[in-house]
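What follows is a short report on a single structure.
The values are calculated or read from the model by the stated rules, or taken from the named source; none is laboratory data. Just so it is clear, the structure is predicted and the values come from calculations on it, not from any experiment. Note: ideal-geometry Cβ built from the backbone for every residue, glycine included; neighbour counts use all protein chains shown.
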Amino acid sequence: MKNDVYEWIEAPAGDFAVIGSPIHHSLSPRMHQAAFDALGLKASYHAIHVPVGQVSEALDHLSILGYRGVNVTVPHKEAAFEWARSHSDIAADLRVCNTLELGSGKGHNTDVIGIQTCLSHLGVSQGKVLVLGAGGSAKAAVYAMGRSGLEVGLWNRTMSRAEELASSLGESVYLLPEPYLGGFDLVINTTSVSLSSESLPLDWSQAKPGLVVFDLAYAEGLTPLLEDAVSHGHRMLDGRRMLMEQGAAAFEIWWGQPAPRDAMIEAIS
Ligand code: NDP
């Protein structure tokens, strides 16, 4: 499904939005609109394209247009942190925001709660986790794993970014020069490789039986990485539940009432 996408400078007046680049693929508008409809809330939610380097101007413009809340996706989460005038504790620890309250200028990070809830859903409470990637969502994943007491291995295409991530969080993480699957119970793909319909060069013969593969991305069908995982007999989860859980947490910040999770997951399934 493709959204009606507005360039930020041409955005209509509205209530809520998701900003990113690219943004046409996002399921957030469909999911949040379903939540508003389920509860009879009169509000709009738009997909808005913001190029790199224009986040601050775009958010100021949306505030003037009367927007109350914004979700932030790739690659603007660090810029959203910089724009915010105050931060929740988790956002302050991570220096990354995916949810903003435009009125107060407060930034939040609901990706952490989204990942923690997915771990519970997968029944993963102990063992070794391999995080692939070192961007904004990798930070949230490593932080969430650290708080859940899981042992974390981290691989990123650009090793220096993985080193920066590990030292910025102060979590006990060991770095892998290659995405070696051996010994891990869970693999979380936080790279954006799935957005370009590609997979990662993983050697599946190294994987333990019972490995669980969680791709934060989602696609019309399975992402290429999850197709590989399924073809090697592994259990998997795509990014839709994570999308719903982080979106439900954002909804609750904006509206101060429980999110209609069933309607939200149904809208994106
Ligand atoms: P960032 O832009 O912050 O990070 C991107 C990461 O992907 C970097 O580690 C980058 O590596 C890596 N990468 C990009 N292309 C490739 C490639 N071809 N091969 C290997 N590594 C690559 O993105 P985010 O962390 O914000 O988001 C990443 C993904 O997670 C996206 O697909 C996003 O849609 C998804 N996501 C889903 C959510 C959900 O609710 N379901 C929530 C949050 C994120 P390098 O440092 O080398 O450039």
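In the range 176-185, what residues are within 13 Å of the ligand (Cβ to nearest atom) and either of a type outside the set (D, E) or buried (at least 21 other Cβ atoms within 10 Å of the Cβ) (or both)? Even if it seems obvious, please write down each step before you answer.
From the range 176-185, those within 13 Å of the ligand (Cβ to nearest atom) are 178-179; that's our starting set.
Selection gives P179 alone.
Against the definition (over 26 Å from G133 (Cβ atoms), of a type in the set (A, V, I, L, M), touching a Ser or Thr at 6+ places or on another chain (Cβ under 8 Å) and crowded, with 18+ Cβ neighbours inside 10 Å), how does L62 come out, yes or no? Full working, then the answer.
On the way: over 26 Å from G133 (Cβ atoms): yes; of a type in the set (A, V, I, L, M): yes; touching a Ser or Thr at 6+ places or on another chain (Cβ under 8 Å): no; crowded, with 18+ Cβ neighbours inside 10 Å: yes.
Against the criterion (over 26 Å from G133 (Cβ atoms), of a type in the set (A, V, I, L, M), touching a Ser or Thr at 6+ places or on another chain (Cβ under 8 Å) and crowded, with 18+ Cβ neighbours inside 10 Å), L62 does not qualify.
Yes/no matrix, rows are residues, columns are (1) at pLDDT below 95; (2) surrounded by fewer than 18 Cβ atoms within 10 Å (Cβ to Cβ); (3) out of contact with any Cys (no Cβ under 9 Å at 6 or more places or on another chain):
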| position | (1), (2), (3) |
| --- | --- |
| H232 | no, yes, yes |
| L237 | no, no, no |
| E245 | no, no, no |
| A248 | no, no, yes |
| W255 | no, yes, yes |
| E266 | no, yes, yes |
| S269 | yes, yes, yes |
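Which of (1) within 14 Å of the ligand (Cβ to nearest atom); (2) touching a Leu at 6+ places or on another chain (Cβ under 9 Å); (3) closer than 19 Å to H108 by Cβ does V55 not meet, given it meets every other one?
Of (1) within 14 Å of the ligand (Cβ to nearest atom); (2) touching a Leu at 6+ places or on another chain (Cβ under 9 Å); (3) closer than 19 Å to H108 by Cβ, only one is false for V55: (2).
Taking the condition within 14 Å of the ligand (Cβ to nearest atom), acidic (D, E) and more than 29 Å from V70 (Cβ to Cβ), does E245 pass? Can you show your working first?
Details: within 14 Å of the ligand (Cβ to nearest atom): yes; acidic (D, E): yes; more than 29 Å from V70 (Cβ to Cβ): no.
In short, no.
For residues in the range 154-173 being of a type in the set (S, T, Y) and without any contact (Cβ under 8 Å) to a residue 12 or more places away in the chain, which is nearest to the ligand (Cβ to nearest atom)? Explain how you work it out, then say what you get.
The initial filter retains those residues of the range 154-173 that are of a type in the set (S, T, Y), namely 158, 160, 167-168, 172.
Narrowing the set further to residues that are without any contact (Cβ under 8 Å) to a residue 12 or more places away in the chain leaves 160, 167.
Details: S160: 9, S167: 15 Å.
Only one residue tops the list, namely S160.
Within the range 12-24, count every residue that is buried (at least 17 other Cβ atoms within 10 Å of the Cβ) and more than 19 Å from E78 (Cα to Cα).
Summing the residues that are buried (at least 17 other Cβ atoms within 10 Å of the Cβ) and more than 19 Å from E78 (Cα to Cα) in the range 12-24 gives 3.
On the basis of being surrounded by fewer than 23 Cβ atoms within 10 Å (Cβ to Cβ) and closer than 17 Å to L216 by Cα, does S137 make the cut? Can you show your working first?
Details: surrounded by fewer than 23 Cβ atoms within 10 Å (Cβ to Cβ): no; closer than 17 Å to L216 by Cα: yes.
Considered against the rule, which asks whether it is surrounded by fewer than 23 Cβ atoms within 10 Å (Cβ to Cβ) and closer than 17 Å to L216 by Cα, S137 comes out as no.
Within the range 44-52, is even one residue under 15 Å from F251 (Cβ atoms) and touching a strand residue (DSSP E or B) at 6+ places or on another chain (Cβ under 8 Å)?
Filtering the range 44-52 down to residues under 15 Å from F251 (Cβ atoms) leaves 44-45.
Remaining after also requiring touching a strand residue (DSSP E or B) at 6+ places or on another chain (Cβ under 8 Å): 44-45.
Looking for residues that are under 15 Å from F251 (Cβ atoms) and touching a strand residue (DSSP E or B) at 6+ places or on another chain (Cβ under 8 Å), one finds at least one in the range 44-52, hence yes.
I'd like the full set of residues that are crowded, with 18+ Cβ neighbours inside 10 Å and more than 9 Å from the ligand (Cβ to nearest atom), limited to the range 186-218.
Across the range 186-218, the qualifying residues are L186, V187, I188, L202, A207, L211, V212, V213, F214.
Of everything in the range 86-113, what is touching a residue at least 40 places away in the same chain (Cβ under 8 Å), farther than 16 Å from G20 by Cβ and not in a loop (DSSP other than H, G, I, E, B)? Give them in sequence order.
I90, D93, L94, E101, H108, I113 - these are the residues of the range 86-113 that are touching a residue at least 40 places away in the same chain (Cβ under 8 Å), farther than 16 Å from G20 by Cβ and not in a loop (DSSP other than H, G, I, E, B).
Would you call P260 more than 13 Å from the ligand (Cβ to nearest atom) and under 21 Å from S44 (Cβ atoms)? Let's see the steps before the verdict.
Working: more than 13 Å from the ligand (Cβ to nearest atom): yes; under 21 Å from S44 (Cβ atoms): yes.
Here the answer is yes, as P260 does meet what is asked.
For residues in the range 104-134 being of a type in the set (G, A, S) and crowded, with 19+ Cβ neighbours inside 10 Å, which is nearest to M244 (Cα to Cα)? Walk me through it before giving the result.
So in the range 104-134, the residues of a type in the set (G, A, S) come out as 104-105, 107, 114, 120, 123, 125, 127, 133-134.
With the extra rule that they be crowded, with 19+ Cβ neighbours inside 10 Å, the set shrinks to 107, 114, 133-134.
On the way: G107: 19, G114: 8, G133: 21, A134: 22 Å.
Looking at residues that are of a type in the set (G, A, S) and crowded, with 19+ Cβ neighbours inside 10 Å, I get G114.
Identify the single condition in (1) surrounded by 22 or more Cβ atoms within 10 Å (Cβ to Cβ); (2) more than 22 Å from H32 (Cα to Cα); (3) not aliphatic (A, V, I, L, M) that Y67 does not satisfy, given that it satisfies every other one.
Y67 satisfies every listed condition except (2).
The conditions are (1) away from the ligand (no atom under 11 Å from the Cβ); (2) in contact with a Lys or Arg (Cβ under 8 Å, 6 or more places away or on another chain); (3) part of a loop (DSSP other than H, G, I, E, B), and A134 fails exactly one of them. Which is it?
(1)
Would you point out which residue out of V70, V96, V74 is over 24 Å from A166 (Cα atoms) and of a type in the set (V, I, T)?
Numbers: V96 fails: over 24 Å from A166 (Cα atoms); V74 fails: over 24 Å from A166 (Cα atoms).
The unique qualifying residue is V70.
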